[in-house]
């Protein structure tokens, strides 16, 4: 009963709705009270030093959202990627080929389109902006479409988006790192080695991984110049993914312990016997040993990421001032690159690469998925939003260019989402099985 009661916490619709609300509030706030919005997010709260160098780091709410909370979000992304690689849609070459190849098409063509419009210009560095897919928005729209599309399309789009995230992480690490301080990076790598050895040695304590991950890896990456969000993904890959005991052993041992609770079956008192308490504690320990630590952390972080981190990030990054001058920017290369990249490049790139894979007989569409579904999903993948806004801040230092890019991302994401929804809602519903 309780699991059904809280199922909305894991619903993609919930995440999508909160994201829309946060972005809308940010836009209204920034345009009605721009100074208040700027001061709230950008005024320095405190300064600190990592101790690894002489630099002082100023902290404000915008940096907390972009460098700390987004590192946790990327940690969650890393857990998703690792799970998919171990036992999911990316767990074998045969399974992974189609979504990864589709994701590759959805990365290469949008980036190429953007570069076509911005080649040789100061804005050329923004080529990574239209590469991204916002999985919360994409799956949220897909959930609204409902039973008119097969469940396999959701799996395909999820795997595609995770492949997209993996490529975005690589792009951020390689192309959006301006300067690397080797000593600080080496300290972070030592932290990762410690976590990897702990995993190998059977350490399962979440506190251990969180402590080393935060105090050594995250802080060192922050000081090294490599974006701290990469630390989140790297730490996620060190999280144990093996169960300590088999399910068969768990069931057999638990049955014996349940026998110790038999005399408590009709107990109406809150205070239990020492024997019963001991049995419950052992069952709790066995339950932890039988579970996959990686999955436990992913399940725990999902509502935190969906209901708080991503909306909070949107609230701090979607607040751009829109004025009449924006209409004069319609032919701006940044606007054209992002708009055509997300609205045209994403669906076309995904369609071409998926079609090519099937022609070469290296993969085939999932059961029940048609080419109309692939096109519709391609447009949903054009909803860049969260990751696109994030890359915008890494690509551009000029505030005016950031605003132009963010408005373009917002507009293009909305258009892509609407087109994708219309295509999928007009597709033929799945025939019910007799």
C-alpha center-to-center spacing [the range 129-164, the range 246-276] in angstrom
43
Over the chain, the sum of -39500 (n - 2.57) across DSSP H runs of at least four, divided by residue number and rounded to 500 deg cm²/dmol, gives at 222 nm -20500 deg cm²/dmol
Say R0 is 45 Å: what FRET efficiency, to the nearest 0.05, do residue 43 and residue 200 get from their beta-carbon distance?
0.50
Between 0 and 90°, nearest 10: helix 93-118 axis offset from the chain longest Cα axis:
30
Mind telling me which of 346, 200, 282 comes out most flexible in a GNM of the chain, alpha-carbon contacts under 10 Å?
282
How far, in degrees from 0 to 90, does helix 371-381 lean away from the longest principal axis of the Cα atoms of the chain, to the nearest 10?
80
Distance between the C-alpha centers of the range 213-228 and the range 354-427? Whole Å please.
31
What angle do you read, to the nearest 10 degrees and between 0 and 90, between the alpha-carbon axis of helix 151-175 and the longest principal axis of the chain?
70
Note the per residue figure in Å³ for the convex hull of the C-alpha positions in the chain.
198
So for each of 128-134, 333-339 I average, over its residues, the number of other beta carbons within 10 Å; can you give me the resulting order with the highest mean first?
128-134, 333-339
Run the simple label-point estimate for residue 414 and residue 28 please: 7 Å along Cα→C-beta, distance reported in nm.
1.4
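Determine, from the Cβ-Cβ distance of residue 422 and residue 180 and an R0 of 41 Å, the FRET efficiency 1/(1 + (r/R0)^6), rounded to the nearest 0.05. Write down the numbers at each step before the final one.
Numbers: r = 45 Å, r/R0 = 1.11.
The formula returns an efficiency of 0.35 here.
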What is the gain in length, in nm to one decimal, between residue 151 and residue 35 on full extension, counting 0.36 nm per residue of separation less the C-alpha to C-alpha distance?
37.2 nm
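Pulled fully out, how much extra length does the chain show between residue 270 and residue 86, if you take 0.36 nm times their separation in residues and subtract their Cα-Cα distance? Each step should come with its number before you reach the end.
Details: separation 184, 0.36 × 184 = 66.24 nm, distance 4.28 nm.
Value of the extension gain: 62.0 nm.
None of the figures in this text is laboratory data; all of them are computed from the coordinates on show. It should be emphasised that the depicted structure is a prediction, and the values quoted were computed from it without experimental measurement. As a convention, Cβ positions derive from the backbone with ideal geometry for all residues, glycine included, and neighbour counts pool all protein chains shown.
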